[in-house]
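The values are calculated or read from the model by the stated rules, or taken from the named source; none is laboratory data. Quick caveat: nothing in here was measured; it's all calculated off a predicted structure. Positions of Cβ are backbone-derived with ideal geometry, glycine not excepted, and every protein chain shown enters the neighbour counts.
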Amino acid sequence: MKKLLLTFVCAAAALGVCAAPEKIGFDKLPKSSQEFIQKNFPREVVKDTEMDREASWDKYTVYFNSGSRVSFEGGKGDWSEIVMKNGAVPATVIPVRIKTYVADNYSQSMVNRLSTMKEGYKVGLTNGLTLYFDKEGKFKKLDR
């Protein structure tokens, strides 16, 4: 019984170590992710880059010196989340319909968090509100 328990504990520990994010060089990101960073965050300085092996895909996260970060999902390197510590998500990244909706309805706020979801987009504003949009950028709901 002790051997079985010890084997289980060792296996769990090994899985935990394998699941931890691994620091990688920026050049190890998928090419499309590197280009996305260079195009949309030209003034940011990359502090760290991590790769986390999820169940069936890789997740990459780029951390900037400013405290902001961008995450990418899968082998194609599509962005999945952008979190800005100070300032706004670059306008070049925000879908046009979402950008227009925010400007029309929340002109005093900036988008400081943007993430993709299966249903569409989740948008965080500097005023603390969270907005949800479908894949076409149509407003769905608001969380306070």
Consider the range 39-93. How many of its residues are among the polar types (S, T, N, Q), out of contact with any Ser or Thr (no Cβ under 6 Å at 6 or more places or on another chain) and surrounded by 13 or more Cβ atoms within 10 Å (Cβ to Cβ)? 3
Looking at S109, is it more than 13 Å from the chain's Cα centre (by Cα), modelled with pLDDT of 95 or more and part of a loop (DSSP other than H, G, I, E, B)? yes
If you go through I82, I98, I94, the only one that is part of a loop (DSSP other than H, G, I, E, B), at pLDDT 95 or above, hydrophobic (A, V, I, L, M, F, W, C) and within 16 Å of T126 (Cβ to Cβ) is I94
Which residue pairs have Cβ atoms closer than 8 Å, lie 6 or more positions apart in sequence or on different chains, and pair a first residue in the range 71-90 that is under 17 Å from V46 (Cβ atoms) with a second residue that is surrounded by fewer than 13 Cβ atoms within 10 Å (Cβ to Cβ) and not aliphatic (A, V, I, L, M)? G77/K31; K85/G67; N86/G67
